[in-house]
Amino acid sequence: MIDIALSAKQLNVHYGEKHAVHDVSLDFAEKEVTALIGPSGCGKSTFLRSLNRMNDLIPSCRVTGDIWLKDQNINGSDTDVVALRKNIGMVWQRPNPFHKSIYENIAFGPRYHGVKNKKQLDEIVEQSLRKAAIWEETKDRLHKSALALSGGQQQRLCIARTIAVKPDVILMDEPASALDPISTSKIEELISELKQDYSIVIVTHNMHQAARVSDKTAFFLNGHVVEYDKTETIFTNPTNQRTNDYITGRFG
Amino acid sequence: MSAKTADKIATGVIVFITGLIALALLGLLGYILFRGLGHISWHFLTSPPETIRKGGGIGPQLFNSLFLLVLTMIITVPLGIGAGIYMSEYAKAGKITSAIRLVVEVLSSFPSIIVGLFGLLVIVNKFNLGFSLLSGALALTIFNLPLMVRITEQGLRSVPVQQKEASLALGISKWKTIRSVQLPIALPIVLSGSILAAGRIFGEAAALLFTAGMSSPRLDFSDWNPLHNDSPLNPLRPAETLAVHIWKVNSEGLAPDATQIAAGASAVLIITVLLFNLGARALGRYMHNRFTASK
Amino acid sequence: MKKSNDREVATPHLAEEWVGKVYTFICILFLIITIFSMVYFVASKGLSTFIVNGVNVKDLLTGLKWKPDGEPPMFGALPFIFGSFSTSILAAIIAAPLGFCAAVFMVELSPKIGRTFMQPVIELLAGIPSVVYGFVGLSVIVPLFRDLFPGQGVGIAAGSLVLAFMILPTITTIATDALASLPAGLKEGSYALGATRWQTIYRIVLPTTLPAQMTGIVLGIARAFGEALAVQMVIGNAPHIPNSLFESTSTLTSAITLSMGNTAMGSVQNNALWSLALILMLMTFVFVFIIRWLEGRKKL
């Protein structure tokens with residue numbers, strides 16, 4: 001039996017009057033990549049942002065329902081959100097490295113979480129950069145500004161920054177959509193690598209990408225999950241007509 | 001008169017008036033520097049003023065202005081940045097927050113003389129701090145806080161929200177995120193705004209008449225123990241600043257060279273404010289370049 | 001479940017969050033307490049003239065004679081009120097067209113010269129300390145007026161001219177922002193109909209930006225109304241309503257500035273000055289209220 005890393009139960013999200021996510025219940029398996037696909041505005045990114053309580057930052061946004069990370073309810077009112085977010089990392093559509101050096105971008109998280117030893121920090125920085133396949137490009141300029149890196153490098157740096165704090169789950173919100181094709185394929189390779197250690201939930205616009213990198217796929221439409229199954233099944237033999245219409249490109 | 005002629009005349013008038021404004025400023029600066037620079041000498045900048053004889057200087061006043069500026073900034077900056085952070089990051093949108101906004105706006109529109117009077121009543125008399133540098137610094141703090149709050153809010157608003165989200169997603173606390181991620185990015189705006197505020201403090205007089213006082217006791221510039229009465233660093237001594245001195249010399253100056261002293265002191269004041277202005281611009285540009293053109 | 005132990009990390013960040021919240025809250029609280037105590041202290045002092053010393057409110061507001069040391073003492077503050085209003089409104093009347101012209105120049109005629117040259121000029125004007133304005137007024141404008149017009153040169157004319165310079169940056173900056181934020185289509189539509197630049201400005205641009213222009217003007221008046229030292233230096237300081245613009249008179253601020261140091265705390269003479277300060281403060285509220293109202297209209 002597969003372990004469940006993260007599990008949403010009857011999740012609803014409202015933006016003011018707008019009901020953006022309807023009664024979504026999804027289980028995300030451990031050490032697997034789950035893709036969330038669907039047309040723009042279908043609620044997939046909103047749903048993703050609820051998983052690490054990022055929607056708390058938006059005053060008009062209200063999230064109800066339960067999200068279980070192992071035995072802890074993420075969406076509980078007394079949940080320690082700060083401690084929680086350490087276990088659930090996030091990567092955004094546009095690379096957003098801190099306005100700091102490459103080294104500081106990686107070391108910032110672990111240092112805050114208690115790693116004070118310089119040697120240990122150096123090690124974490126190197127390991128994280130290696131895992132994110134960007135060590136070779138950055139090892140000679142660790143103390144230069146991260147903003148000088150190219151877009152693709154910045155995005156891998158952001159992934160390295162995320163794994164430096166050793167989360168259980170990594171959320172990715174269209175992580176390659178702002179990048180060129182070569183950078184995109186590097187990110188996709190990286191996702192397949194990271195699967196060995198992390199559970200990954202990825203929102204993507206690109207159905208080929210979903211098909212390439214994910215084990216399971218959920219199809220969102222108008223805030224509902226229309227279908228959730230093995231990626232292979234979704235793309236070759238969907239049960240729902242609307243899923244079929246979407247993946248064959250009739251809308252979206 | 002055809003529309004075209006009217007257009008030409010109007011354009012001419014607008015250009016003329018704009019030129020007039022520029023000329024007025026240049027004339028103003030030129031006049032002060034022309035009248036004042038001749039009077040500025042090392043002696044003028046360092047020696048104490050004379051009440052009825054010629055040849056008085058502005059040494060203590062210049063020192064007082066600078067010292068008061070430092071004192072004020074030490075109090076204003078942490079308070080103003082803290083309150084600015086509260087308004088921008090912690091205050092929830094709602095009635096209370098907009099009420100606080102109104103209060104800050106009202107405080108920023110109070111005439112500085114009112115701030116000075118409040119200082120006289122509460123700081124000088126009720127808190128019994130007397131006419132002193134500390135009283136003056138507190139009055140100037142009240143005078144400048146709204147500006148500092150606005151600058152901080154502006155600076156924080158310029159920080160991309162993705163930076164904040166990235167830090168929070170690493171499991172880093174909000175307060176640490178503000179201090180280590182958001183404030184450093186807001187720093188160029190906060191710094192250049194603070195320098196402009198410093199220029200305002202340096203030239204302010206009305207809030208100081210009844211708080212820092214209009215007299216300058218003899219200072220012993222060899223005694224730097226802040227607890228001694230004659231020490232320049234004693235924050236509890238009365239201290240007339242440069243701006244107050246200009247006012248006093250003009251309205252009740254008895255020295256035969258009062259006008260020259262006022263001109264010289266005005267020139268010093270203007271040059272300092274100009275330096276603050278240029279400093280803020282240069283710093284803003286330098287920081288901007290450092291953060292964006294790091295390639 | 002191998003990580004469940006890791007997850008129970010100590011929670012120093014909770015204390016840290018608390019520190020941040022409390023610290024910033026104390027800062028804002030200090031600000032709020034300060035302003036409320038300002039209002040309270042100035043109001044209680046200003047009202048004690050009427051409550052403790054039994055001076056009639058109407059006498060103070062409409063009386064023409066200010067003789068605090070007279071027998072009996074008279075506290076007619078109308079000359080000061082008149083002086084404050086006339087100098088600040090006249091200053092705005094001088095500065096508003098100048099500021100509007102400068103703004104039109106900077107936005108419509110030559111944005112390049114505007115940005116590289118006029119912008120710094122305006123900022124510098126704003127940075128010059130008020131005592132310096134007072135000094136220049138006293139040593140240039142007053143002698144000039146003395147030569148050109150009957151009288152001593154001091155008075156409302158000199159005061160409002162000095163104030164006009166001081167509020168020019170405020171008015172210009174707000175006018176510039178208002179012009180620059182006009183949607184481009186608005187002007188292009190007018191040009192497309194064959195209107196000249198000037199026709200476009202006074203038929204389209206001026207009416208559309210009027211609330212914003214008014215905001216700038218009221219802000220300018222508010223600043224002029226509260227300015228103390230620069231006015232005090234050139235106004236002459238005689239406590240009566242003048243017969244001409246070139247005759248010595250006083251404002252609320254100049255009266256406070258001159259006499260506050262010479263009267264004993266708690267005496268009726270001193271309290272009367274606090275009443276003037278109270279009027280000044282109430283006017284600040286009125287100005288803030290008007291500005292809010294104008295800004296509300298701008299959004300519509």
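Descriptive notes on the structure:
- Stokes-Einstein diffusion for segment B:105-149, with the hydrodynamic radius set to the Kirkwood value over Cα pairs and evaluated at 25 °C in a medium of 0.890 mPa s, equals 234 µm²/s.
- Pairing chain B with chain C buries about 6700 Å² of accessible area. This figure sums both sides and uses a 1.4 Å probe.
- Look at the dipole of the protein assembly as shown built from charges on Cβ: of A:A20, B:A24, B:S135, the Cα furthest out on the positive end belongs to B:A24.
- Protection proxy ranking, peptides A:162-168, A:18-24, average beta carbon neighbours within 10 Å, highest first: A:162-168, A:18-24
- For A:H224, the amide hydrogen comes within under 5 Å of the amide hydrogens of A:H22, counting only partners 5 or more places away or on other chains and with H modelled in the peptide plane.
- Helical segments meeting 30 Å axial Cα length and Kyte-Doolittle 0.0 threshold in chain A (DSSP H): none
- Expressed per residue, the C-alpha convex hull volume of the protein assembly as shown stands at 214 Å³.
- A 1.4 Å probe, protein heavy atoms only, puts the accessible area of A:V225 near 40 Å².
- Relative contact order of chain C, defined on C-alpha pairs under 8 angstrom at six or more residues apart (%): 25
- Segment B:27-106, relative contact order in percent, only Cα pairs under 8 angstrom and at least six apart counted: 14
- Between the listed residues C:L148, C:L125, C:V231, the Cα displaced farthest toward the positive end of the dipole of chain C, a dipole computed from Cβ unit charges relative to the Cα centre, is found at C:L125.
- Cα gyration tensor shape for segment B:50-125, rounded if a/c is under 1.5, else prolate or oblate: prolate
- Magnitude of the charge dipole, chain B, Cβ model with Lys/Arg +1 and Asp/Glu -1, debye to 20: 1040
- Karplus 3J(HN,Hα) series, Hz, for segment B:213-218 with 6.51 cos²θ - 1.76 cosθ + 1.60 (x for Gly, Pro): x, 10, 10, 10, x, 4
- Largest accessible area first, the listed residues C:R197, B:R157 line up as B:R157, C:R197 when surface is computed with a 1.4 Å probe on the assembled protein chains.
- Charged side chains reduced to their Cβ positions (Lys and Arg at +1, Asp and Glu at -1) give the protein assembly as shown a dipole of some 680 debye around its Cα centre.
- Other protein chain Cβ atoms within 10 Å, averaged over every residue that makes up C:120-127: 6
- Bins of 10 Å, starting at 0 and running to the largest distance - Cα pair percent for segment A:4-247: 8, 32, 35, 20, 5, 0
- Accessible area of A:K86 in the full protein assembly, 1.4 Å probe (Å², nearest 10): 40
- Inter-site label distance for C:D177 and A:E136 at 7 Å from Cα along Cβ, in nm: 5.3
- Prolate/oblate/rounded label for segment C:7-121 (Cα gyration tensor, a/c 1.5): oblate
- Take each residue in C:216-227, count the other chain C-beta atoms within 10 Å of its C-beta, and the mean is 2.
- Backbone geometry of segment C:252-267 corresponds, through the Karplus equation with coefficients 6.51, -1.76 and 1.60 at θ = phi - 60°, to 3J(HN,Hα) couplings of 4, 5, 5, 5, 4, 4, 6, 9, 4, x, 9, 10, 7, 3, x, 6 Hz, x marking Gly and Pro.
- Global geometry of chain C, whether rounded, prolate or oblate, following the gyration tensor of its Cα atoms and the 1.5 cut on a/c: oblate
- Total formal charge among the other residues, if their Cβ is under 15 angstrom from that of B:A239, Lys/Arg +1 and Asp/Glu -1: -1
- Measuring only protein heavy atoms, the 1.4 Å probe finds C:Y40 accessible over about 140 Å².
- Dipole magnitude (debye, nearest 20) for chain A, charges at Cβ of Lys, Arg, Asp, Glu: 740
- B:L37 paired with B:R179, simple spin-label distance in nm, labels 7 Å along Cα-to-beta-carbon: 4.8
- ³J(HN,Hα) computed for each position of segment B:268-282 - Karplus, 6.51 cos²θ - 1.76 cosθ + 1.60, integer Hz, glycine/proline x: 4, 4, 4, 4, 4, 4, 4, 4, 4, 4, 5, x, 4, 4, 4
- Options B:T177, B:A166, B:V124, ranked by Cα towards positive dipole end of segment B:44-292, top entry (Cβ charges): B:A166
- Figure note: A:R161, C:R223, B:R285, A:R53 ranked by solvent-accessible area, largest first, 1.4 Å probe, ligands and nucleic acids not counted: B:R285, C:R223, A:R53, A:R161.
- If you plug the beta carbon distance of C:D147 and B:R157 into 1/(1 + (r/R0)^6) with R0 = 56 Å, you get a FRET efficiency near 0.60.
- Accessible-area composition of chain B, carbon plus sulfur, in percent [1.4 Å probe]: 66
- Model label points for B:V15 and A:H19, set 7 angstrom from Cα along the Cα-to-Cβ axis, are 6.5 nm apart.
- Annotation: amide H-H contacts under 5 Å for A:A218 (H modelled 1.01 Å from N, sequence separation of 5 or more, or interchain): A:A35, A:L36, A:I37.
- Residues whose amide H falls under 5 Å from that of A:F28, counting only those 5 or more places apart or on a different chain, are A:A5, A:L6, A:S7, A:A8, with hydrogens built in the peptide plane.
- Accessible surface, 1.4 Å probe, highest first, among residues A:F219, B:F63: B:F63, A:F219
- With contacts taken as Cα pairs under 8 Å and at least 6 residues apart, chain B reaches a relative contact order of 25 percent.
- Within the listed set B:K95, B:K164, B:K54, the residue fluctuating most in the Gaussian network model of chain B (springs between alpha-carbon atoms under 10 angstrom) is B:K95.
- Max mean-square fluctuation residue, GNM over chain C, Cα-Cα springs under 10 Å, options C:G76, C:G54, C:G159: C:G54
- Segment A:76-126-segment B:172-202 distance, computed between alpha-carbon centres (Å): 23
- As a calculated quantity, the FRET efficiency between C:R297 and A:T239 at R0 = 41 Å, using C-beta atoms, amounts to about 0.10.
- Interface residues of segment A:86-100, defined as those losing at least 40 Å² of solvent-accessible heavy-atom surface relative to the isolated chain (probe radius 1.4 Å), are listed as A:W92, A:N96, A:F98, A:H99.
- Over chain B, volume per residue of the alpha carbon convex hull, in Å³: 239
- Selected from B:F202, B:F127, B:F44 as most flexible by GNM, with chain B as the system and alpha-carbon contacts under 10 Å: B:F127
- Peptide B:203-210, shielding by other chains (average Cβ, 10 Å cutoff): 5
- Extension gain, C:I113 to C:F41, is 21.1 nm, computed as 0.36 nm per intervening residue step minus the present C-alpha separation.
- Sulfur and carbon atoms: percent of accessible area, segment A:4-247 [1.4 Å]: 47
The values are calculated or read from the model by the stated rules, or taken from the named source; none is laboratory data. Since we're looking at a predicted model, the values are computed, not measured. Neighbour counts are summed over all protein chains in view; Cβ atoms, including those assigned to glycine, are modelled from backbone coordinates with ideal geometry. To get the accessible areas, we keep the full protein, side chains included, count just its heavy atoms, and leave off ligands, DNA and RNA. Shrake-Rupley method; radii C 1.70, N 1.55, O 1.52, S 1.80 Å.
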